[in-house]
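The structure under discussion appears below in the form of structure tokens.
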Amino acid sequence: MSVSKVRPEQVDRLCAWFAELSGPRRGELLATFVDEGVRHETVLLVPTSDGPLMVYVMEEEDPARSIAAFRDSAHPVDADHRAVLSAAFMGVAEHEVLLDVPAEPPADLPTGPSAEPPGSRPPAGGPAVGAP
């Protein structure tokens, strides 16, 4: 996931570009997904009083592989994508990640009730301290 500031004068071009990717160039986009190991991609445009933000979310097999494949891509659609984003972006937007939990934890991470820190569950028969 990334959150970027967008130049206001580039919003229309950015929207047109993503419409192009969703429509006539969708096949090209999906071909890049194979190379990059991408399973799903979502892009949001968020208007704010400080200017527009773009939130880019990708579900991918291996982030390093995905970045390298995009960087080294010979697909014309990727060259166009880099050009559009380069013109639109004003830098990374300040943000705080509040939750980042994979559906499947890494194999070396313990799971289940024994892995929970003490006090993380309410006592049997009653709500947790401070619960409404």
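Tabulated values for the structure
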{"quantity": "Rg/Rh ratio calculated on Cα atoms of segment 1-47 (Kirkwood radius)", "calculated": "1.00"}
{"quantity": "Extension gain (nm, one decimal) between HIS75 and VAL101, 0.36 nm per residue minus Cα-Cα", "calculated": "6.1 nm"}
{"quantity": "For HIS40, net neighbour charge (Lys/Arg +1, Asp/Glu -1) across residues whose Cβ lies under 9 Å away", "calculated": "-2"}
{"quantity": "Ratio Rg/Rh [Cα only; Rh per Kirkwood] for segment 1-84", "calculated": "0.97"}
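Here, each number is a calculation from the coordinates, and none is a lab measurement. These numbers were taken from a predicted model, which means no experiment stands behind them. Backbone-built Cβ (ideal geometry, glycine too); neighbour counts: all protein chains shown.
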